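No lab work stands behind these numbers, since they all come straight from the coordinates. What you are looking at is a predicted structure, and each value in this text was computed from that prediction instead of being measured. Here Cβ is always computed from backbone atoms with ideal geometry, including for glycine, and neighbour counts include all displayed protein chains.
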Amino acid sequence: MSDLSVQSAADVAPGLSQWQRVVNIFTAPSKTFEDIKRGHKSWWMPFIIYVVLGFVFYGVVNAKVGMGQVSENQVKLSPKTEEQMAQLTPEQREKRMKISTSITQGIFLATPVILLIMGAVISAVLLGTINFGFGGKAKFGSIFAVWMYAMLPSIIKTFLGVVVLYAGVAPESFNIKNFAPTNLGAFMNPLETNPGLYSFASSIDIITIWCLVLVGIGTALVAGVKRSSGYIASFGWWALVVLVGAAIAAATS
């Protein structure tokens with residue numbers, strides 16, 4: 001068989017199925033990213049998984065805690081906000097809490113749109129970083145698909161959040177911003193810990209680090225650069241966001 005025939009056969013070889021990609025992210029991630037590099041950039045399966053699990057989580061939170069209680073808890077976790085609320089009349093406070101609850105519900109319900117916008121922005125930043133900073137040759141569609149698949153370990157955190165809720169966590173102590181014991185902040189009392197330190201500790205999350213490793217591997221692979229370059233791109237931006245977030249939390253506490 002000629003080299004041309006071998007090449008033609010390789011070109012028409014089918015890619016992995018969506019489910020194979022999902023499974024490989026947890027067992028052999030490079031296979032998923034190699035498939036994306038070959039031009040199979042479909043990302044709808046992980047997107048559907050995120051949306052379905054997001055709405056399941058919303059339903060469990062609503063049933064076990066309630067959106068009103070979620071908003072109340074966030075007020076308690078912010079001394080400045082709680083102080084401001086204490087200065088309002090009962091009618092004003094009730095109105096403010098209704099608005100807050102509606103915003104919280106709106107964020108949950110807008111999860112699909114938020115996910116797509118966030119993915120597009122992050123992918124654009126990674127694309128610019130890996131191509132202009134490290135000489136890569138990635139395409140936006142490839143980076144977007146990498147990001148969608150690389151975030152799949154985050155579903156473990158969602159499952160853990162559901163377990164925590166069904167395990168009987170007190171509604172008054174539920175923190176929607178840190179609902180699963182996957183980071184250092186989950187083992188701290190947010191009311192007794194410096195806000196900046198708590199924000200930083202909450203960012204040291206095993207699931208987040210897992211996802212960032214996958215982003216680094218996938219970004220480097222589809223861009224045709226060293227894996228270390230992918231790690232620098234993914235962890236570098238993450239570190240910047242973490243430090244800025246901790247600084248803002250400390251300054252506004």
What is the gain in length, in nm to one decimal, between VAL121 and LEU160 on full extension, counting 0.36 nm per residue of separation less the C-alpha to C-alpha distance? 11.3 nm
Between helix 140-150 and the chain: long-axis angle, C-alpha atoms, 0 to 90°, nearest 10: 60 degrees
With a cut-off of 8 Å between alpha carbons and a minimum separation of six or more residues, what is the relative contact order of the range 42-251 in percent? 24 percent
Report the calculated FRET efficiency for LEU191 and PHE55 (r = Cβ-Cβ distance, R0 = 35 Å), to the nearest 0.05. 0.70
Determine the dipole magnitude for the range 8-83: charges of +1 sit on the beta-carbon of Lys and Arg, -1 on that of Asp and Glu, nothing else is charged, the reference point is the Cα centre, and the result goes in debye to the nearest 20. 180 debye
Given the C-alpha centroids of the range 165-243 and the range 32-47, what is the distance between them in whole angstrom? 24 Å
Going 7 Å from the Cα of PHE235 in the Cα-to-Cβ direction, what parts of the range 199-217 have a backbone nitrogen less than 19 Å from that spot? 200-217
Taking only Cα atoms, what is the 0 to 90° angle, nearest 10, from helix 111-128's long axis to the longest principal axis of the chain? 50 degrees
Any idea how far apart ALA110 and LYS98 come out in nm if each label point goes 7 Å out from Cα toward Cβ? 2.0 nm
Give a quick list of trypsin sites (Lys or Arg not before Pro) in the range 145-253 that DSSP marks as loop, anything other than H, G, I, E or B, with at most 16 other Cβ atoms within 10 Å. LYS177, LYS226
Nearest 10 degrees, 0 to 90: helix 154-166 Cα axis against the chain principal axis: 30 degrees
Positive-pole candidate from PHE33, GLN69, PHE47, dipole of the range 30-83, charges at beta carbon: PHE33
When a footprinting reagent is the concern and you count Cβ atoms within 10 Å, what order do MET118, MET148 take, fewest first? MET118, MET148
